[in-house]
Structure formats: structure tokens, C-alpha cells
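Structure first, then comments.
The values are calculated or read from the model by the stated rules, or taken from the named source; none is laboratory data. Only a predicted model underlies this, so the values are computations on that prediction, with no experimental measurement involved. Ideal geometry is used to build each Cβ from the backbone, glycine not excepted, and the neighbour counts take in all protein chains shown.
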Amino acid sequence: MSLLPRLLQSKYAVPPLMLAAAFLLRGLSFVPYVIDTDEGLYMLQAQAWLHGQGWPLIAVWDMHPVGAPILIAGAMALFGETLGAVRLLGMLAVTASATGLYAIARQLRLPHVVGLGAGVLYLGMTNRFNGLATNTEILFAPFIVAALAVALAAAIAAIETARRPGFGTLAVVGLLVGIALTIKPVAMPEGCFAFLVLVLPAWRRGVIALGRVAVMAAAYALLCLAPTLLLAACYALIGSFDVFFDTVILAPFRYAGGRLPAADAAWLIAASALFLLWPFLAALVALGRARAFPRAVLFSATWLLFATAAIMLPGFYYNHYFIIWMPPLSLLASCGLWYLAGRLWPARAALALAVMLGIVATDSWADRTAVRMHSGTAMRFPDPVAAVAAALAANIEPGAVVLVANYHPLVYMLAGASVPSRYVFPAQLTGEFGDVGGIDMDSEVARILAARPAAIVVDRGWWLSIRPSVRTMLTRALEQHYELRAEVEEDRGPVEIWHLR
């Protein structure tokens with residue numbers, strides 16, 4: 001056997017192979033300035049922290065925990081305060097998740113090529129649902145996948161050697177899940193699944209008693225809480241525990257108070273599944289032929305159910321929530337494609353699998369790539385976000401306070417402007433989620449406008465997304481105190497830069 005095939009079959013080659021595949025399938029993540037608006041908010045939080053302006057939630061507020069801005073601050077500290085550094089963090093995160101999926105596949109006694117396939121499918125599917133952005137679903141996935149890999153190894157040992165899982169393994173799984181929870185609380189259902197994987201097989205075989213399971217459950221809950229409790233202690237030391245408690249505990253409940261009706265939720269779930277039609281069809285093949293690899297199908301199908309619970313937990317169904325499906329779906333779909341490969345071309349099953357994987361992963365890549373190429377944004381044509389930032393920077397002094405009323409928060413960073421408030425996310429400050437912050441956001445907008453920011457950015461295409469009360473305040477302020485200095489065309493209409501007279 002030549003050197004290259006031997007390298008491809010080595011488990012040590014998996015991480016670099018996944019990284020190479022990530023760059024091939026996700027290379028466009030480095031092109032546009034904005035893929036998902038949330039990402040820019042995390043970057044503002046990270047930059048403020050690095051510049052000594054205040055910790056996340058204090059200098060710049062968000063309703064999510066602080067795990068994402070902490071990771072992004074680390075990436076910016078290492079690689080520079082650029083968008084490329086943040087997208088590189090996302091690239092490394094998906095590579096880690098894909099490598100973890102390979103490890104899980106091998107623990108489930110699946111062939112090497114099926115594990116590679118699961119990783120490549122995951123990388124290809126993350127082109128969907130704004131997954132090219134370094135968003136929370138991308139960032140917490142490696143920790144959940146790693147927790148499940150460790151739990152699965154202990155479960156298999158309990159099944160095959162009657163070895164009960166120890167508290168050391170429990171600590172590793174719990175802390176990994178705990179880190180994921182500091183990025184987004186919706187990791188909780190998958191964290192529950194990790195505990196079930198760890199203890200259920202051992203309990204069913206009599207390796208551990210029910211009383212010990214109860215003790216382990218209590219310890220596991222504390223371990224999952226430990227990273228959050230550590231962060232709470234840090235905020236308490238700087239006198240901001242109330243901010244931390246309000247954000248991490250109370251804000252999610254305020255957010256979930258407006259859950260979508262069940263019929264709307266079902267419609268959005270079905271529509272999102274259609275975007276992943278080929279992986280779901282391959283997953284159905286695996287479910288229909290579960291006897292071929294029963295352990296792998298049971299594990300990945302159950303994981304998919306818990307992932308669906310995680311998507312449903314907040315009560316809203318924004319497209320990036322469905323990225324949570326992708327790790328278990330990739331594993332299940334790779335099993336289904338492997339079964340088909342063995343039936344279609346038994347003598348060359350690995351080659352047949354590689355071809356089908358290439359088609360499914362490339363289809364996901366090509367769909368998003370075609371959309372971006374057709375629009376030409378940041379390729380054939382200038383990136384409007386960069387153009388807005390440049391126009392804003394040309395009309396203000398460096399560090400001037402401005403208000404980006406309903407456009408991307410990343411503009412603050414790109415233009416070198418200062419934020420007018422802790423609350424800068426448009427959906428919270430001026431939009432429909434004004435109640436999430438726990439304060440009177442109309443009063444906050446009134447305070448900002450009374451302070452006369454040096455410039456105001458208004459996206460007319462999203463004008464109706466602003467609360468009516470705020471539209472009235474903005475219209476009055478623009479008419480009385482500002483003049484229109486520049487306009488940048490967006491797909492949905494002009495973005496206006498107004499300068500203080």
C-alpha cells in the first residue's frame with residue numbers, strides 16, 4: 001500500500017483532513033463581513049473587554065451567557081482584532097466537532113470511512129442556516145460532541161467489560177457540558193443525553209445501583225453548573241452579580257415568553273428539514289436498516305431527538321438554531337449512505353460512499369455558494385456593511401458616539417465608533433424584543449437621542465422592524481438635528497448615514 005492511502009486510513013490524519021475539508025467547504029466564511037448579526041454583537045463584547053472598557057454584559061449587553069464573547073476575545077487576542085480571526089475560530093470549532101464525530105463513529109464500531117463521512121457531512125451542512133458565521137451553535141458543538149464521545153466510551157466499557165463509569169469520567173463529561181452551557185443554555189437537552197449515555201447501559205446491566213445513579217446525577221448537575229457558578233463568582237467579585245444573574249437566569253425567561261404557536265413551530269421545523277433533504281433521506285435509510293448497525297443507529301437517532309428538543313427549547317425557530325441537528329444527523333446519514341454503498345457497489349463500497357458523500361456535501365456547499373456568487377456581495381460588488389462603516393467613519397471623529405439604529409452592530413467596530421449604550425443589539429434596543437433587557441428600552445432610546453450622538457445609521461429596508469414608538473422618536477430627531485450625509489444600497493433598500501448638524 002502506498003504512503004497516501006496509509007495516511008488516509010490513519011486516525012492521526014483525521015484532524016488535518018477535517019481541517020482541510022473545512023477550508024474547502026467553508027472557505028467563503030472569510031468573504032462577507034456579516035453572515036449573522038449575532039456574531040457582530042459577540043465581537044463588540046469581546047473588543048470592549050480587550051480594550052478594558054468593561055466585561056461582557058457590562059460594557060455591551062446581550063441575553064446570551066458570556067461563553068461566546070470569551071472564546072471570541074481569545075481568538076482576537078491570539079490572531080488580531082479582525083473578522084478573519086473570528087471566522088478562523090469558527091473553522092477550528094467545526095473541525096473539532098467533525099473530528100469528534102469521527103471518534104464517536106469508531107467507538108460505535110463503524111468503519112473508518114463512515115467516521116470520515118460523518119465529519120465531512122457535518123462540515124458541508126454547516127454552510128446552511130448561516131452556519132458560516134461563528135455563532136453559538138458552532139461554538140458549543142465541540143464541547144457537546146466531546147462530552148458524548150467520553151460518555152460513550154464509558155458506556156461501551158460498561159457493556160463489554162462490566163466496568164462502571166467512575167466519577168473522573170463523570171467530571172469530564174459534566175464540565176464539558178458546563179462549558180457548552182456558558183455559550184448557550186439550549187445545550188441542556190444534549191447534556192441530559194450525555195448523562196443518560198454515561199449511566200443508563202451500566203444501570204441496565206446491574207453494574208451500578210440506582211442509588212449510585214442518583215448520587216451521580218446530583219454530582220453531574222453541580223459539575224454542569226460549575227463553569228457558570230465560576231463566572232458568577234467572577235462577576236460578584238467586580239460587583240456585578242446582579243447583571244450576571246439578570247442576564248443568565250432572568251433574560252431567557254423574558255425571551256421565551258413569546259413562544260411561537262405549535263402550528264407555526266411545526267411548519268418551520270418541516271421547512272428547515274427540507275433544506276437538509278438528502279441527509280434526512282439517508283438518515284431514514286439508516287433507520288430502516290437499523291439491524292445493520294443497531295448501536296450506532298440507536299445512539300445517533302436518540303441524539304437527534306434530544307437535539308430537536310434543544311431547538312424547540314427557546315420557543316423561537318431562527319434558522320441558526322437548526323445547526324444543532326447537524327452532528328447527530330451527520331452520523332445517522334453517514335450510516336445510511338454506507339448501507340446504500342454496500343448494496344449498490346459491494347466490491348467498492350468505500351468508493352461508492354465517498355462519491356455519495358461528495359454529492360451530498362457538495363450540494364449543500366454549492367447551494368449557498370451559488371446564492372453568494374449570484375448576489376456578488378463582497379465578490380463582484382462591494383460589501384455594503386464595509387461601505388456603511390467607511391461612510392460612517394468618514395463623517396465622524398474616531399471614537400465618536402453614534403447610534404446604529406437598526407443595522408448590523410459590527411459597524412461600530414469597523415467604523416471605529418463608540419457605542420451609545422450597553423444595549424446595542426437592534427432587535428433589543430429598537431426592535432420587537434425590547435422587553436428582553438429588563439428595562440424600559442423606549443426610555444433608553446430617548447436618553448441616547450437626547451445625548452445627540454454624532455451620527456445615526458438607519459436601514460430603511462428594515463424600518464418597519466423598529467417599534468412604532470421608536471420610529472416616531474427617530475423621525476423627530478432626524479428632522480430636527482441631523483442631515484443626511486450618505487446612502488449605501490442594500491438588497492432591501494438604502495442604508496442612511498445621518499450626521500449631527
Please count how many residues of region 214-225 are buried (at least 17 other Cβ atoms within 10 Å of the Cβ) and among the hydrophobic types (A, V, I, L, M, F, W, C).
3
Filter result for residue 447 (among the basic types (Lys, Arg) and under 23 Å from residue 33 (Cα atoms))
no
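Of all the residues that make up region 356-402, how many are closer than 30 Å to residue 497 by Cα and of a type in the set (Val, Ile, Thr)? Walk me through how you get there before you give the answer.
Going residue by residue through region 356-402, those that are closer than 30 Å to residue 497 by Cα are 371-402.
Then drop every residue that is not of a type in the set (Val, Ile, Thr), which leaves 371, 377, 385, 388, 396, 401-402.
So the answer is 7.
From 429, 403, 449, 392, grab the single residue that is outside the structural domain of residue 251 (by TED's automatic domain parsing) and more than 22 Å from residue 483 (Cβ to Cβ).
Details: 403 fails: more than 22 Å from residue 483 (Cβ to Cβ); 449 fails: more than 22 Å from residue 483 (Cβ to Cβ); 392 fails: more than 22 Å from residue 483 (Cβ to Cβ).
So the residue among 429, 403, 449, 392 that is outside the structural domain of residue 251 (by TED's automatic domain parsing) and more than 22 Å from residue 483 (Cβ to Cβ) is 429.
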Among 132, 152, which is surrounded by fewer than 24 Cβ atoms within 10 Å (Cβ to Cβ), in contact with a helix residue (DSSP H, G or I) (Cβ under 6 Å, 6 or more places away or on another chain) and not hydroxyl-bearing (Ser, Thr, Tyr)?
152
Quick check: anything in region 375-389 over 23 Å from residue 485 (Cα atoms) and in a helix (DSSP H, G or I)?
yes
Here are some residues: 29, 97, 10. Which one is closer than 22 Å to residue 407 by Cβ and hydroxyl-bearing (Ser, Thr, Tyr)?
29
Cross-chain or 6+ apart pairs with Cβ under 6 Å, region 160-184 first and among the hydroxyl-bearing types (Ser, Thr, Tyr), then buried (at least 16 other Cβ atoms within 10 Å of the Cβ)
169/154; 182/65; 182/67; 182/227; 182/228
Every residue from region 289-333 that is modelled with pLDDT of 95 or more and polar (S, T, N, Q):
300, 302, 308, 330
Unmet criterion (only one of (1) in contact with a Leu (Cβ under 9 Å, 6 or more places away or on another chain); (2) touching a residue at least 12 places away in the same chain (Cβ under 8 Å); (3) in a helix (DSSP H, G or I)) for residue 260
(3)
Condition met for residue 207 (in a loop (DSSP other than H, G, I, E, B) and in contact (Cβ under 8 Å) with a residue 12 or more places away in the chain):
yes
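Looking at the structure I just gave you, is residue 233 at pLDDT 95 or above, surrounded by fewer than 17 Cβ atoms within 10 Å (Cβ to Cβ) and on the phi < 0 side of the Ramachandran plot? First the steps, then the outcome.
Details: at pLDDT 95 or above: yes; surrounded by fewer than 17 Cβ atoms within 10 Å (Cβ to Cβ): yes; on the phi < 0 side of the Ramachandran plot: yes.
Criteria met by residue 233.
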Hits in region 387-412 - residues which are at negative phi and surrounded by fewer than 20 Cβ atoms within 10 Å (Cβ to Cβ)
387, 390, 393, 394, 395, 397, 398, 400, 401
Looking at region 11-19, can you tell me whether even one residue there is farther than 22 Å from residue 228 by Cα, crowded, with 22+ Cβ neighbours inside 10 Å and of a type outside the set (A, V, I, L, M)?
no
Name the pairs: first residue in region 370-388 and free of Cβ contacts under 8 Å to residues at least 40 places away in the same chain, second residue surrounded by fewer than 17 Cβ atoms within 10 Å (Cβ to Cβ) and of a type outside the set (Asp, Glu), Cβ to Cβ under 7 Å, at least 6 apart or on different chains?
373/379
Name, by its number, the condition in (1) modelled with pLDDT of 95 or more; (2) over 22 Å from residue 384 (Cα atoms) that does not hold for residue 436.
(1)
Among the residues that make up region 64-75, is at least one of them within 30 Å of residue 278 (Cα to Cα), in contact with a Phe, Trp or Tyr (Cβ under 6 Å, 6 or more places away or on another chain) and not aromatic (Phe, Trp, Tyr)?
no
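Would you confirm, using the coordinates I've provided, whether residue 439 is surrounded by fewer than 21 Cβ atoms within 10 Å (Cβ to Cβ) and either under 30 Å from residue 125 (Cα atoms) or of a type outside the set (D, E, K, R) (or both)?
Values: surrounded by fewer than 21 Cβ atoms within 10 Å (Cβ to Cβ): yes; either under 30 Å from residue 125 (Cα atoms) or of a type outside the set (D, E, K, R) (or both): yes.
So residue 439 passes the test.
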Of everything in region 339-349 that's farther than 23 Å from residue 326 by Cβ and hydrophobic (A, V, I, L, M, F, W, C), which residue is surrounded by the fewest Cβ atoms within 10 Å (Cβ to Cβ)?
347
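From 295, 289, grab the single residue that is assigned by TED's automatic domain parsing to the domain that holds residue 177, out of contact with any Asp or Glu (no Cβ under 9 Å at 6 or more places or on another chain) and over 21 Å from residue 169 (Cβ atoms).
Working: 295 fails: over 21 Å from residue 169 (Cβ atoms).
Answer to the selection: 289.
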Kindly provide the set of residues from region 278-297 that are under 21 Å from residue 106 (Cβ atoms) and of a type in the set (Phe, Trp, Tyr), ordered by number.
293
